[in-house]
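Peer 1: What follows is a single structure, and I will ask about it in a moment.
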Amino acid sequence: MAVLEIKKFGCPTLKEKSLDVESVDDDTRSLIDRMFETMYAAEGIGLAAPQVGVSRRVVVLDVRPSDPSRVHLALVNPRIVEATGEIVGEEGCLSIPAVAGDVKRASDIRVEFLDRDGFPVTVSASGIEARALQHEIDHLDGVLVIERFSAIRRNLLRSQLRKIRKEGQRQAIGPIEVTEPVAESPS
Ligand code: NI
């Protein structure tokens, strides 16, 4: 199975504001499928298209371990239409490996989006799902989680971030297929 390369902090795509998807077509569905594969391979709970080098407003999410009620959420052009409450919790990001920090988010949100068939859907989310959705929608606006860390936290992470940024700056623009190594058969 070929997954997509995850862009690291420093890669320019992560700083761009993504464009709306104009029509949810087979290309969009194919992107969604690849994003799910990539997210599961990386053991993440959410992934935004800019993280695989595509500047389009597409997010995939699966917070199943913590929320068995919802699986496989694919969101096209998601928009937060209501946000209430405030809660601080720790977040990391697949584009900034081994880095985590506290971020204040709305505790409850309502999000409108198009599903993988292009139908409009509204969901209410709380807990880890609300947090992950806000994190991924930030990605669509070119906002990385470290920008929401405290200045003290960012300062503590400075040398780590510098290393990741160098790696990200070396990455090519656009989506890149990565073929996972085939496991050697036992002899
Ligand atoms: Ni992220």
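Peer 1: Quick one: longest stretch of the chain between exposed loop GluC sites (Glu not before Pro), exposed meaning at most 15 other C-beta atoms within 10 Å and loop per DSSP? Present the calculation step by step, with values, prior to reporting the outcome.
Peer 2: Values: sites that count: 16, 22, 43, 86, 184.
Result, exposed sites excluded: 87-183.
Peer 1: Another one. Among 118, 28, 38, whose Cα lies farthest out toward the positive end of the dipole of the chain, if unit charges sit on the beta carbon of Lys, Arg (+1) and Asp, Glu (-1)?
Peer 2: Selected residue: 38.
Peer 1: Further question on the same structure: Per-residue ellipticity at 222 nm for the chain, helices alone: DSSP H runs ≥ 4 residues times -39500 (n - 2.57), over residue total, nearest 500 deg cm²/dmol? Walk me through the numbers on the way to the answer.
Peer 2: Values: 4 runs with 49 residues, N = 187.
That calculation yields -8000 deg cm²/dmol at 222 nm.
Peer 1: Output the relative contact order of segment 26-169, whole-number percent, from Cα pairs under 8 angstrom with separation of 6+ residues.
Peer 2: Values: 228 pairs, mean separation 29.7, N = 144.
Relative contact order for segment 26-169 comes out at 21 percent.
Peer 1: List the lysines whose alpha-carbon lies under 17 Å from that of residue 166, not counting same-chain residues fewer than 8 positions away?
Peer 2: Reachable lysines: 7, 8, 15.
Peer 1: Moving on to the next point. Can you pull the percent of segment 3-169's accessible area that's carbon plus sulfur, 1.4 Å probe, other chains left in place? Kindly include the intermediate steps, with their values, before the conclusion.
Peer 2: Values: 3910 of 8050 Å².
Ligands and nucleic acids excluded, carbon and sulfur give 48 percent.
Peer 1: Taking the alpha-carbon centroid of each part, what is the distance from segment 74-112 to segment 1-43 in angstrom?
Peer 2: 18
Peer 1: While we're looking at this one, here's another question. If you average 1/r over all unlike Cα pairs in segment 3-169 and invert the result, what Kirkwood radius do you get in angstrom? Mind dumping the intermediate values first?
Peer 2: On the way: mean 1/r = 0.0625 Å⁻¹.
After inverting the pairwise mean of 1/r, the radius is 16.0 Å.
The values are calculated or read from the model by the stated rules, or taken from the named source; none is laboratory data. No experiment lies behind these values; they were computed from the predicted model shown. FYI the Cβ positions are ideal-geometry reconstructions off the backbone, even for glycines, and counts take in every protein chain you see. The protein model used for the area step is the full one, side chains on, heavy atoms only, and it has no ligands, DNA or RNA in it. Shrake-Rupley method; radii C 1.70, N 1.55, O 1.52, S 1.80 Å.
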